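Nothing in this text is a laboratory measurement; each read-out follows from the coordinates by a stated rule. Everything numeric in this text was worked out from a predicted model, so none of it was measured. Quick reminder, even Gly has a Cβ in these numbers, built from the backbone with ideal geometry, and neighbours come from all protein chains shown.
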Amino acid sequence: MLRNHTRRRELLRTTTAIATACLSVLALLSACSSDTGPRSAAAQPTVVIIGDSLSTGHGTSPDEAWPKLVENDPGFQQLQATIVNAARDGSGYVSVGEDGSTFGSQVDTAVTDETRLVLFFGSENDMGTAAGETEAAATRAFASVKSRAPQADIVVVGPPSYTSTPEAERLDIRDQDKAAALKAGAHFVDPIDLGWIMDDAAELIGPDGDHPSAAGQQYLQAKMEALIGPRIQQASTGNNQLTG
């Protein structure tokens, strides 16, 4: 009986020790989980979209806008990036749109030190502004990005044309956007020179003749995702030297 009693005491001590060890491990795992969770969320790179009604889903819906389509794409989701769509109807570098928005004010509202990429798109809304005014406003907007997010890559996509013979004013805005982008060291993409939309405007542009159809938004998704994806991959590795 004494021997059995001794064995029971030894078993009890062993069981207690194991239980204590398990509780300690669980506590440690819980602490690690609570510590790393917020860091993982904070570490997700943020992409900010600055733009006009071509990026809001005007003519379709916000859920069909190309930024939302990019965000919902399973391939893009593997990058674990967050998209902030700051675009507002009627906006431009100079043009004041919905909610008093310009591209500059969108930067001020949406770009933070967590931002890793800022993509500007447009805008034909600046057509008719005074000579050099758009370039000056774009220069200020790009400088604001650098001040708020020094590590962020900047991609500037000029205004598109739906025909192969764009208006002189549209070309002038394109040229001003490009000049400001190059001075800022940003990557400039020229939809006019690349022929975006031109060959399939009847399908890609909606009934109003100005805003993308659902198919047009999907077209823009493919174009923009090709610009965004590689840069987010570079940002995730700490290398922002991508130029293509």
For this session: Kindly rank 100-107, 69-76, 51-58 from highest to lowest mean number of other beta carbons found within 10 Å of each residue.
Result: 51-58, 100-107, 69-76
Exercise. So which lysines can Lys183 reach, going by Cα to Cα under 22 Å and dropping same-chain residues fewer than 8 places off?
Worked result: Lys146
Seminar exercise, completed: Here the range 44-236 gives, from Cα atoms, an Rg and Dmax in Å of 15.3, 44
For this session: Take each of the peptides 202-210, 189-197, average the number of other beta-carbon atoms within 10 Å over its residues, and list them starting from the highest.
Result: 189-197, 202-210
Exercise. Working out 0.36 nm times the residue gap between Glu169 and Asp193, then minus their Cα-Cα distance, what length gain in nm do you get to one decimal?
Worked result: 7.1 nm
Seminar exercise, completed: Of the range 111-136, those with amide N under 17 Å from the point 7 Å along the Cα→Cβ vector of Ala143 are 132-136
For this session: Could you tell me the distance between the Cα centroids of the range 144-172 and the range 90-123, to the nearest Å?
Result: 12
Problem set entry | Calculated SAXS-style log₁₀ I(q)/I(0) at q = 0.14 Å⁻¹ - the range 63-163, Debye, Cα scatterers | -0.57
